[in-house]
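Take a look at the structure set out below.
Readers should treat all values here as calculations from the given coordinates under stated rules, not as data from a laboratory. Note that the coordinates shown come from a computational prediction; the quantities given were computed from them, not determined experimentally. Note that we place each Cβ from the backbone using ideal geometry, even for glycine, and neighbour counts take in every protein chain shown.
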Amino acid sequence: MRKITGAIAVLTLAACSGQSGNEQAGNGQGATAPGAGGGSATTTIQPGQWDTTVEIVSISAPNMPAGMTPPRMPARTVSVCITPEQAGNPNAGVLSGNSNQAGCTTENYSVTGGRIQGTITCDIQGARTRTTINGQFTPTSYEMTTQAEAVVGGMTTNTETRITARRTGDCRR
C-alpha cells in the first residue's frame with residue numbers, strides 16, 4: 001500500500017513539475033497576459049532561468065486502510081530555462097517545468113491579467129489526474145495553488161500543492 005500511495009504522490013507531482021535539473025521547458029501555446037493596468041501594454045513572464053519549488057500542502061486518500069497515512073514528500077525545486085517564445089505564450093507545461101504534456105489536456109486555461117487558472121487532466125500509464133490551478137504572476141515570479149485528484153489502480157488520492165517560482169537570471173547553456 002505504501003508503494004501505491006508513494007506512486008500516487010509522485011504522479012501528482014509529475015503532473016505539476018515533470019522535469020528535474022537544468023532542462024528546457026516545453027513549447028509554449030497559450031495567451032500572453034495583458035497588463036493589470038488595462039492599457040495596451042502586454043505583460044508576460046520574462047525569459048531566462050527559473051527556479052520552481054513544488055510543496056505538498058496536504059494529501060489524503062479516502063479509501064486508504066485505517067491507520068495508514070499518505071507519505072509526506074519534502075518540497076522539491078527544479079530549474080528550467082524558459083525561452084523568449086515560451087515566455088510570450090506561457091502554457092501549463094512551461095509554468096510547471098513539464099515539457100511532456102502527452103496524455104494531458106487543458107480546459108479553461110489562461111494566463112492573463114496577472115492571473116493563472118485552469119484545469120489539466122492527464123491519463124498516463126493507467127493513472128488519471130485532474131488538477132485545478134489558481135495563482136498569480138509577475139514578469140519575474142509566479143505562485144500557484146493546485147488541487148489534484150489522482151486515481152491509480154482504483155485508489156483515489158487528493159493532493160493540494162503550492163508552486164512558487166522566480167526568475168534567477170539568463171538561461172544556463
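Some points to look at:
- Enumeration of residues in segment 121-139 that are closer than 20 Å to Ala165 by Cβ and not in a loop (DSSP other than H, G, I, E, B): Thr131, Thr132, Ile133, Asn134, Gly135, Gln136, Phe137, Thr138
- Count - residues of segment 67-88 that are in contact (Cβ under 8 Å) with a residue 60 or more places away in the chain and among the small types (Gly, Ala, Ser): 2
- Scanning segment 155-165 for residues that are on the phi > 0 side of the Ramachandran plot and of a type in the set (Gly, Ala, Ser) turns up nothing.
- Among residues of segment 136-172, those that are more than 18 Å from the chain's Cα centre (by Cα) and closer than 17 Å to Val78 by Cβ, counted: 4
- Residues that are under 18 Å from Glu149 (Cα atoms) and touching a residue at least 12 places away in the same chain (Cβ under 8 Å) within segment 104-121 comprise Cys104, Thr105, Thr106, Glu107, Tyr109, Gln117, Gly118, Thr119, Ile120, Thr121, listed in sequence order.
- Residue that is surrounded by the most Cβ atoms within 10 Å (Cβ to Cβ) [pool: residues in segment 122-147 that are in contact (Cβ under 8 Å) with a residue 40 or more places away in the chain and not β-branched (Val, Ile, Thr)]: Cys122
- The residues of segment 45-70 that are small (Gly, Ala, Ser), at negative phi and part of a strand (DSSP E or B), listed by number, are Ser58, Ser60.
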